[in-house]
Amino acid sequence: MTKKANFAFGPGVVVRGVVFRENRWFVWADGAGARSCPECGGASASRHSWHVRRLHDLPIQGAPVVLELRSGRWRCLNERCARKTFVERLTTASPFARKTRRVSDLVRLFGHAAGGRTSEKLLARLAMPVSDNAILRQLKRHSYERRDGAPLRAIAIDDWSWRKGFNYGTIVDLERRIVADVLETRSAKETAEWLKQHAEIVVVSRDRCGRCAQGVRQGAPQARQVADRFHLPAELARKHERHMTRISRFAGRPKLPAVPGDRQAPLRGERGLR
Ligand SMILES: [Zn+2]
């Protein structure tokens, strides 16, 4: 089955054909993006050759979509320019990306919300197969793009579950409220090495993890360490629960006689005891 159709792949992308094969939709399209040299900015109308990319796009009817996008490689007509040819730029996908921009955005959102391995399973179920390593790369690339070269002054270090049972470090820029980086391990050594590259940091917000504190002391001794505000009320609630449980025990909480066959419900707050 082959037919021509209109798809919303973004401006400048014209679909030439669609076929459903091997449980996937294959879409052939031509791109007509910006034909100006990225080096000197000169426009060109002299095509050198075609450049073909394979991109994963949003699924159709639960089946993965592979977009085979053909775009022109053009000659730079400026004799003084160091670049001889260039590929026209399209808004559909970033240069060298293997996914369309909208799929990359979804991958990043899933990665932030659910971590690597869980996102890999969910995205596969949604017909957008991506490996957990690709999800991590997407997160890191996005954080670098948004940093915009601005210095980091106040950061937070927190856990982020990459795989079930494995927690890794997320560095959050507190001033811009964006993820600044993702550390693949959360050891004191790796934290310290990352911090040494950012001598401009003056405040580090963290949880009560000892390895994290050690890493900050080694890597950013100039920075002031402060408690993450999420952990302050959490710790207060835990202490309060333990205290109230202790008072309740001393006061002698009245118990109803057990009914045969009923399971005795645990006292509220028992799990706070050690
Ligand atoms: Zn040029």
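The values are calculated or read from the model by the stated rules, or taken from the named source; none is laboratory data. The model shown is predicted, which means the values in this text are computed figures rather than measured ones. Virtual Cβ from ideal backbone geometry, glycine too; neighbours counted across all protein chains shown.
Before we move on, is F110 in a loop (DSSP other than H, G, I, E, B) and either more than 16 Å from the ligand (Cβ to nearest atom) or at positive phi (or both)?
Details: in a loop (DSSP other than H, G, I, E, B): no; either more than 16 Å from the ligand (Cβ to nearest atom) or at positive phi (or both): yes.
Considered against the rule, which asks whether it is in a loop (DSSP other than H, G, I, E, B) and either more than 16 Å from the ligand (Cβ to nearest atom) or at positive phi (or both), F110 comes out as no.
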* Are any of the residues in the stretch 130-137 at pLDDT 85 or above, under 27 Å from F26 (Cβ atoms) and assigned to a loop (DSSP other than H, G, I, E, B)? -> yes
* Given the conditions (1) surrounded by fewer than 17 Cβ atoms within 10 Å (Cβ to Cβ); (2) at pLDDT below 90, which single one is not true for A82? -> (2)
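Would you check which residues across the stretch 37-80 are among the polar types (S, T, N, Q) and farther than 17 Å from T92 by Cα and list them? Can you show your working first?
Of the stretch 37-80, the ones among the polar types (S, T, N, Q) are 44, 46, 49, 61, 71, 78.
Correct list: S44, S46, S49, Q61, N78.
Which of the strands (runs of 3 or more DSSP E) found entirely inside the stretch 23-88 contain at least 1 residues meeting this: more than 13 Å from the ligand (Cβ to nearest atom) and over 30 Å from V130 (Cβ atoms)? Before the answer, list the steps.
Numbers: elements: 24-31, 47-60, 63-75, 85-87.
Qualifying strands (runs of 3 or more DSSP E): 47-60.
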* To do: Under 6 Å between Cβ atoms, at least 6 apart or on separate chains: pull out the pairs that start in the stretch 57-85 with a residue that is closer than 17 Å to L126 by Cβ and end on any residue that is surrounded by 14 or more Cβ atoms within 10 Å (Cβ to Cβ) and among the hydroxyl-bearing types (S, T, Y).
  => D57/T100
